[in-house]
Amino acid sequence: MLSYEKSNKNRSKIDRCNICGSISELSWDHVPPKSCYNSTNTKYNDFFNGLPSLDKYSGQYQNGIRFRSICKNCNNNLLGSMYDIELGKFVQKIKTIITSGTVLPQEVIIKNINMNKISRSVCGHLLAAKNYYDESCVVDKALRDFFLNMNALPPIGHHLLCWIYLYSTMVMMRDVVVKSYSANIKFPEGLLSIISAFPVSYILTNESEKCSLTDIFTYCSNNIDDTVDFPLDLYSCKYPGSPDFRHFIWPCNISDDADGAAFMLGNDINHNIIATRNIEI
Ligand SMILES: [Zn+2]
C-alpha cells in the first residue's frame, strides 16, 4: 500500500534556509556529503520508480546528488568546515577496516571519534534534503535546535541508528513510516528519515525500537569537542543472528519476502530518492 501527495515546487534562488531559517541566497548541498562518495556521475529515480536503469531514470547529477536548500553560512561555515570533516574521517576509518583483507571480529572500536560533529553532519544533510523550509515538521524543528546549538544534546526521544552499508546504491528518505508484520526481523518504528550510502546507513527515528542497531546519539555529549571510542558493529550489514544481508533499501523494502515491509507511508515523493553511481572504493 502506498500513499503519496506529490509536491512539485520550483524553489526560488533566494529563500528560507532549511537549517537556520534565514532568508538568503541558497547554495547547493551534497546529500549525502561528498565524503560518502557522492561526487560522481549519478542517476536517480523517485523512490517508487525503482532503481535507475540505463534507459529509465528521472534525472542525473554529474557530480553527486545535491539540493539547493541551505544558506552559504550553514553550508560552508557549519557543515563544510566543522561537521562534514569529522564524518569524512569516520567514513575513511570504516573503509580502511572493511577493505583490510583480514578476518574481522563482529565489533571493532573506532577510537577518538567525534560523534557530536558526526551527528550534526547527518542531521544537517537530512534537513537539507527537502525542497522547502518545512515549518510544520516537528522532526525538522528538533534537528534545527540540535544542529544550531553546539552545546545541545540530541533531541530527546530521537535515535540515530546506523548499520554497515556495502552497496553502491544511495537511498535518501524523509519522513516515512514503515510497518512490517515479520515475526523474525524487527523494523524501526515511528517517523523515519534515512541516508544510506557506502559505508553506512543512518536511520533517524522518534520511536524506541532500535532493531539491535547502535544509536549514535547515545555517544553524544554537550561538549562539541568531546571524542569517544565508538563500537562499530560490522555484522550490522546482516539481520541479527542471520547469514542474510539486509536489503539495500531496508527498512523500506516493501515485499512479501520474509524481510519485507508490509507498507510505507510518505508525504512527498521529491525527497525520496534511489540512485546508482559508479564508485571505486
Ligand atoms: Zn542557514
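The values are calculated or read from the model by the stated rules, or taken from the named source; none is laboratory data. Values in this document were obtained by computation on a predicted structure and should not be read as measured data. Neighbour counts are summed over all protein chains in view; Cβ atoms, including those assigned to glycine, are modelled from backbone coordinates with ideal geometry. The protein model used for the area step is the full one, side chains on, heavy atoms only, and it has no ligands, DNA or RNA in it. Shrake-Rupley method; radii C 1.70, N 1.55, O 1.52, S 1.80 Å.
Below are the figures for this structure:
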item: Unmet requirement for S12, which otherwise passes all of (1) at pLDDT below 90; (2) of a type in the set (S, T, Y); (3) within 16 Å of the ligand (Cβ to nearest atom); result: (1)
item: Leading residue by the ranking (surrounded by the most Cβ atoms within 10 Å (Cβ to Cβ)) among those in region 38-73 that are within 16 Å of the ligand (Cβ to nearest atom) and polar (S, T, N, Q); result: S69
item: Residue count, region 248-265 (criterion: open to solvent by 60 Å² or more (accessible area, probe 1.4 Å) and under 25 Å from L54 (Cβ atoms)); result: 1
item: Checklist (1) within 16 Å of the ligand (Cβ to nearest atom); (2) over 29 Å from I254 (Cα atoms); (3) in contact with an Asp or Glu (Cβ under 8 Å, 6 or more places away or on another chain); (4) open to solvent by less than 50 Å² (accessible area, probe 1.4 Å) applied to S35, failing item; result: (1)
item: Residue count, region 132-175 (criterion: part of a strand (DSSP E or B), among the hydrophobic types (A, V, I, L, M, F, W, C) and either at pLDDT below 95 or under 18 Å from G266 (Cβ atoms) (or both)); result: 4
item: Selected residue [out of contact with any His (no Cβ under 8 Å at 6 or more places or on another chain), surrounded by 15 or more Cβ atoms within 10 Å (Cβ to Cβ), closer than 30 Å to N149 by Cβ and among the acidic types (D, E)] from D268, D225, D215, D229; result: D268
item: Test set (1) more than 16 Å from R277 (Cβ to Cβ); (2) touching a His at 6+ places or on another chain (Cβ under 7 Å) - P32 fails condition number; result: (1)
item: Residue within region 52-66 that is aliphatic (A, V, I, L, M) and over 18 Å from the mean Cα position of the chain (by Cα) present; result: yes
item: Condition broken by F48, with the remaining ones in (1) modelled with pLDDT of 90 or more; (2) outside any loop (DSSP other than H, G, I, E, B) satisfied; result: (1)
item: Failed condition for S69, given (1) in contact (Cβ under 8 Å) with a residue 12 or more places away in the chain; (2) out of contact with any Asp or Glu (no Cβ under 7 Å at 6 or more places or on another chain); (3) of a type in the set (G, A, S); (4) not in a loop (DSSP other than H, G, I, E, B); result: (2)
item: The one condition in (1) within 16 Å of the ligand (Cβ to nearest atom); (2) open to solvent by 80 Å² or more (accessible area, probe 1.4 Å); (3) in contact with a Ser or Thr (Cβ under 6 Å, 6 or more places away or on another chain); (4) not hydroxyl-bearing (S, T, Y) that N76 fails to fulfil; result: (3)
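One line per residue, one yes/no per condition, for (1) open to solvent by less than 20 Å² (accessible area, probe 1.4 Å); (2) farther than 21 Å from I23 by Cα; (3) more than 15 Å from the chain's Cα centre (by Cα):
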residue	(1), (2), (3)
V91	yes, yes, no
K111	no, yes, yes
S119	yes, yes, no
G124	yes, no, no
K130	yes, no, no
D134	yes, no, yes
C137	yes, no, yes
M150	no, yes, yes
